[in-house]
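Participant: I have a structure here, written as structure tokens, and I will follow up with some questions on it.
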Amino acid sequence: MVFDKTGTLTIPAISGHPIADDALAAAAALGRHSTHPVARAVVRAALSRGLTLPPVQDVHERRGHGVEGTLNGVAVFLGAA
């Protein structure tokens, strides 16, 4: 578990919530470009299912907000809204 600068507790594990394989693979494709513990947990969850992570382009980590990039020509974002 990790506490961020605001004292928010983050537990880097994904479980108990059904997530469609394609959505999880897309999130993990972005998450592998992030240093955030939750993003790392998303990647581990996808890999544990044996999913192939699609390539993403134009990836940018927005510190404190998330990761954005382009997946199959569509702009995608993983992080806080």
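The values are calculated or read from the model by the stated rules, or taken from the named source; none is laboratory data. Predicted model only: the values in this text are computed from it and were never measured. Positions of Cβ are backbone-derived with ideal geometry, glycine not excepted, and every protein chain shown enters the neighbour counts. Surface areas here come from the heavy atoms of the whole protein model, side chains and all, with no ligands, DNA or RNA. Shrake-Rupley method; radii C 1.70, N 1.55, O 1.52, S 1.80 Å.
Participant: Select from region 27-39 the residues that are open to solvent by 10 Å² or more (accessible area, probe 1.4 Å) and modelled with pLDDT of 90 or more and write down the one among them that is farthest from residue 53 (Cα to Cα).
Facilitator: The residue in question is 33.
Participant: So, one more: Which residues, counting only those in region 52-74, are open to solvent by 90 Å² or more (accessible area, probe 1.4 Å), without any contact (Cβ under 8 Å) to a residue 12 or more places away in the chain and either over 14 Å from residue 34 (Cα atoms) or touching a strand residue (DSSP E or B) at 6+ places or on another chain (Cβ under 6 Å) (or both)?
Facilitator: Listed by number, the list holds a single entry, 60.
Participant: Filter region 30-81 down to the residues that are among the hydroxyl-bearing types (Ser, Thr, Tyr) and in a helix (DSSP H, G or I) and list them by number.
Facilitator: Matches in region 30-81: 48 only.
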